[in-house]
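The structure under discussion appears below in the form of structure tokens.
Rule-based calculations on the coordinates, nothing more; no lab input. What you are looking at is a predicted structure, and each value in this text was computed from that prediction instead of being measured.
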Amino acid sequence: MHLAFSTQLARLFTFSALGLGLLLGSGCSKTSAEEKDVLTSNDFDHLDGWVGDVPSLTREKAHSGAYSIVVQPGIEYGLGYSNPLGRLSTMRPDKIRISAWVMRTGDQNAAKLVAEIKDPATGAKALWEAIDLGKEVPKLNEWKHIEHVITVPPTVSATSRIMVYMWGAGAGQPTYLDDLTLSQVAK
């Protein structure tokens with residue numbers, strides 16, 4: 001991985017963690033039974049002005065509100081979520097459900113939604129899964145709700161970093177992501 005690319009990706013994750021922290025700290029209360037297992041969520045509308053100039057934050061299309069995240073030629077990685085697992089929950093989750101709304105606009109190569117967990121000391125990947133958005137969202141130009149459950153490896157700790165982000169993977173047309181939620185899967 002090139003140093004400039006690594007620096008840019010790290011900056012995007014730092015900005016997204018800041019933005020999600022600001023959003024989550026703004027007094028959102030959990031009221032329904034479904035919300036009790038939500039670890040974090042973001043509609044990307046509250047990041048504008050807080051995360052600097054991030055090309056993947058766009059007003060072009062949105063499932064809810066005014067903003068979403070886009071990957072397209074020239075924007076290979078979208079703004080993502082990055083945080084130590086210990087900040088998501090006081091108890092170690094065994095499984096995490098990733099849900100989001102996605103819109104594809106072209107039939108060429110499809111973008112991926114990536115979930116990874118890394119050891120912060122070594123950078124070693126304990127988990128890396130890429131959800132093929134071409135398979136999950138076959139219809140073009142319509143928002144579709146997707147869900148994917150990851151199993152948290154038993155080797156990770158509270159300091160292990162979870163990252164969820166969209167990767168262009170050579171997609172020739174824009175792909176949009178909105179209303180991202182990470183939830184603990186009930187045992």
Inset, instruction - Collect residues whose amide H, placed 1.01 Å from N in the peptide plane, falls under 5 Å from the amide H of N109; neighbours closer than 5 in sequence don't count. - result: G172
Legend entry - Chain lengthening between D119 and I146 when straightened (0.36 nm per residue, less Cα-Cα): 7.0 nm
